[in-house]
Structures are given as structure tokens and as C-alpha cells.
């Protein structure tokens, strides 16, 4: 499989690290980016071929990964129009850009898979929501899955509208985890522990609890109840959180993220 990346940032780098030697050979991976330092880093680190602009290397690809900022996607699409003769799969990892708009910018091209990965992909622990447009073949869908599974799990969606909830839950989700960890560490320091102790305790607790939930057949609600003895310390903490509306605030925040994803798609999709 020949794969080209338009954009050589963090997510592209994570994917390339997972792909080389597993899904594709280094010489079959091509990266386009205007930043010469990014290209040198990828060339030296992974042995891939590189170029500062879209050209023959991209035209020969089976899969083209669009790894640019949403605001850059229309311009990239306009440059790609003349490079799609081999009918490659286009794999978009840009938030908010709807398949119909990307297809329109590409003169109706339909072999597009929209994806929403998250930053744990940088350590091979990501999860990606994916949806295939109507013009994607079964073989191309399998290829898209192979690419994204190089950095973690994949979840396929039946409707493109569900990409916005995926963005809210897992795409933006790592920030919520880091935010909660910040609060745990702050509390630890305010109660007399050192910053290093607070960080170690918070990280190990979060990691261990997540792994327990992943490996248990019980729901997270049941697991929480088992830790929460009535009248005990955990019960005091959960009662305080419920009184402060923490759960409701988290749900509302994630709905706000989903709404912003939809709004972003509408804003960016207005471009002709």
C-alpha cells in the first residue's frame, strides 16, 4: 500500500510511526509539508520520502491522509483535484470538515473516509471514530481501518452526524482527563502532599481505574458503587461532587463540544 500524508504534524507522525514496517514500507510512505524541518525530522526518523508540495508522489498513492488544520482543507483539496487519477482513498482527520463539503471541493470525488482520532495515538493508545462516504469500496474501507488501527482502536459509525459526538467524547476527551488530573494534583498539594507525590498518586489511580474498567465485565457504575461505602470517605467525595453538579457539568460540556464541532463544519463548509 502506497500512502501519502498531506501535513507532517503530530498526528501524522504518530500514524507514520505505527505504519512503517507494519502496514507499509518506509519507501512507500510519502509526506508533503511546507516546513523543511518537519520533513527532515520525518525523513531521518522513519525513512519516508518527502516533498514541500503536492505532486507525483501523491498522485501514485493508494491512500492519501489529509492531516492538515480544518481551515487549510479547502486549499489542499483544490491542489489535490488534479492528483486523483488513480482513484485513491482520501482519509480525513480534520475536525468539522464534512464529507459533502470535501467532496464538493474535489469536484464530486466520493472515496472519502472521515475520521476523528485522539492524542493517545501518539503512544499507540488512541481510538478513532470513522465513517465512510458512499463512494468508498469495501477494500478501501479495510485499508482505512488498517491505517488507523496502527495507532489504536477504531469504531465505525453508520452516520456522519455521529462524528461530532465522537469528537466530544474521545477526540476532545484527553483534555477532560488531564483537567481532572490537574484538580486531583491540586487537591493533593493543598492537603499537604508534595507536587511529585500528588502527580504519582493521581496518575497511577487514573491509569489503574481505567484499566480495571476496561478489563471488568461490570459497568463503571457498579465499579464506582463497590468503592463507595455509605458513610465512608469515598461517599463523602461523591456526595460533594453530586451536590456541585459535577456529572451534569461534564455532560453539558461534552454536548457543547459536539455542538461546536457541528458549528465548525457549517462555518468551514460555506466556502465555495
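The values are calculated or read from the model by the stated rules, or taken from the named source; none is laboratory data. Predicted, not measured: the structure shown is a model, and the values here were computed from it. Cβ coordinates were reconstructed from backbone atoms using ideal geometry, including for glycine residues, and neighbour counts include every protein chain displayed.
May I ask you to verify whether residue 224 is free of Cβ contacts under 8 Å to residues at least 60 places away in the same chain, surrounded by 12 or more Cβ atoms within 10 Å (Cβ to Cβ) and closer than 27 Å to residue 92 by Cα?
Numbers: free of Cβ contacts under 8 Å to residues at least 60 places away in the same chain: yes; surrounded by 12 or more Cβ atoms within 10 Å (Cβ to Cβ): yes; closer than 27 Å to residue 92 by Cα: no.
No; evaluated as a whole, the condition is false for this residue.
Within segment 15-32, is there a residue that is surrounded by fewer than 20 Cβ atoms within 10 Å (Cβ to Cβ) and touching a strand residue (DSSP E or B) at 6+ places or on another chain (Cβ under 6 Å)?
yes
Determine which member of the set 200, 168 is outside the structural domain of residue 100 (by TED's automatic domain parsing), within 18 Å of residue 116 (Cα to Cα) and surrounded by 13 or more Cβ atoms within 10 Å (Cβ to Cβ).
Among 200, 168, only 168 is outside the structural domain of residue 100 (by TED's automatic domain parsing), within 18 Å of residue 116 (Cα to Cα) and surrounded by 13 or more Cβ atoms within 10 Å (Cβ to Cβ).
Just to be sure before I move on: is residue 119 touching a helix residue (DSSP H, G or I) at 6+ places or on another chain (Cβ under 9 Å), without any contact (Cβ under 8 Å) to a residue 60 or more places away in the chain and within 14 Å of residue 15 (Cβ to Cβ) in the structure I sent?
no
Sort out which residues of segment 227-249 are under 29 Å from the mean Cα position of the chain (by Cα) and surrounded by 12 or more Cβ atoms within 10 Å (Cβ to Cβ), and write them in order of number.
In the first step, residues of segment 227-249 are kept if they are under 29 Å from the mean Cα position of the chain (by Cα); the result is 245-249.
Answer for segment 227-249, where residues must be under 29 Å from the mean Cα position of the chain (by Cα) and surrounded by 12 or more Cβ atoms within 10 Å (Cβ to Cβ): just 246.
Scan segment 71-87 for residues that are crowded, with 17+ Cβ neighbours inside 10 Å and touching a residue at least 40 places away in the same chain (Cβ under 8 Å) and jot them down. It would help to see each step written out before you state the result.
At the first step, the residues of segment 71-87 found to be crowded, with 17+ Cβ neighbours inside 10 Å are 73-74, 76-77, 80, 83-84.
Matches in segment 71-87: 73, 74, 76, 80.
What do you reckon, is residue 58 buried (at least 19 other Cβ atoms within 10 Å of the Cβ) and not in a helix (DSSP H, G or I)?
Here the answer is no, as residue 58 does not meet what is asked.
Looking at residue 211 and the list (1) assigned to a helix (DSSP H, G or I); (2) modelled with pLDDT of 95 or more; (3) surrounded by 13 or more Cβ atoms within 10 Å (Cβ to Cβ), which single condition is not satisfied?
(3)
Assess whether residue 9 counts as being surrounded by fewer than 19 Cβ atoms within 10 Å (Cβ to Cβ), assigned by TED's automatic domain parsing to the domain that holds residue 151 and farther than 25 Å from residue 99 by Cβ.
Values: surrounded by fewer than 19 Cβ atoms within 10 Å (Cβ to Cβ): yes; assigned by TED's automatic domain parsing to the domain that holds residue 151: yes; farther than 25 Å from residue 99 by Cβ: no.
Considered against the rule, which asks whether it is surrounded by fewer than 19 Cβ atoms within 10 Å (Cβ to Cβ), assigned by TED's automatic domain parsing to the domain that holds residue 151 and farther than 25 Å from residue 99 by Cβ, residue 9 comes out as no.
Restricting the search to segment 1-30, which residues are assigned to a strand (DSSP E or B), in contact with a helix residue (DSSP H, G or I) (Cβ under 7 Å, 6 or more places away or on another chain) and farther than 18 Å from residue 84 by Cβ? Don't jump to the end; show me each part of the working.
The first filter runs over segment 1-30 and keeps only residues assigned to a strand (DSSP E or B), leaving 3-6, 20, 24, 29-30.
Subset that is in contact with a helix residue (DSSP H, G or I) (Cβ under 7 Å, 6 or more places away or on another chain): 3-6, 20, 29-30.
Those that are assigned to a strand (DSSP E or B), in contact with a helix residue (DSSP H, G or I) (Cβ under 7 Å, 6 or more places away or on another chain) and farther than 18 Å from residue 84 by Cβ: 20, 29.
I need the helices (runs of 4 or more DSSP H) fully contained in segment 72-152, keeping only those with at least 2 residues that are more than 22 Å from residue 261 (Cα to Cα).
Result: 73-80, 138-149.
Test residue 177 against the criterion of being within 17 Å of residue 92 (Cα to Cα) and at pLDDT 95 or above, and give yes or no.
Working: within 17 Å of residue 92 (Cα to Cα): no; at pLDDT 95 or above: yes.
So residue 177 fails the test.
Being in a helix (DSSP H, G or I) and closer than 18 Å to residue 151 by Cβ is the filter here, so list the residues in segment 164-174 that pass it.
Residues of segment 164-174 in a helix (DSSP H, G or I): 164-171, 173-174.
Residues satisfying the conditions are 166, 167, 169, 170, 171, 173, 174.
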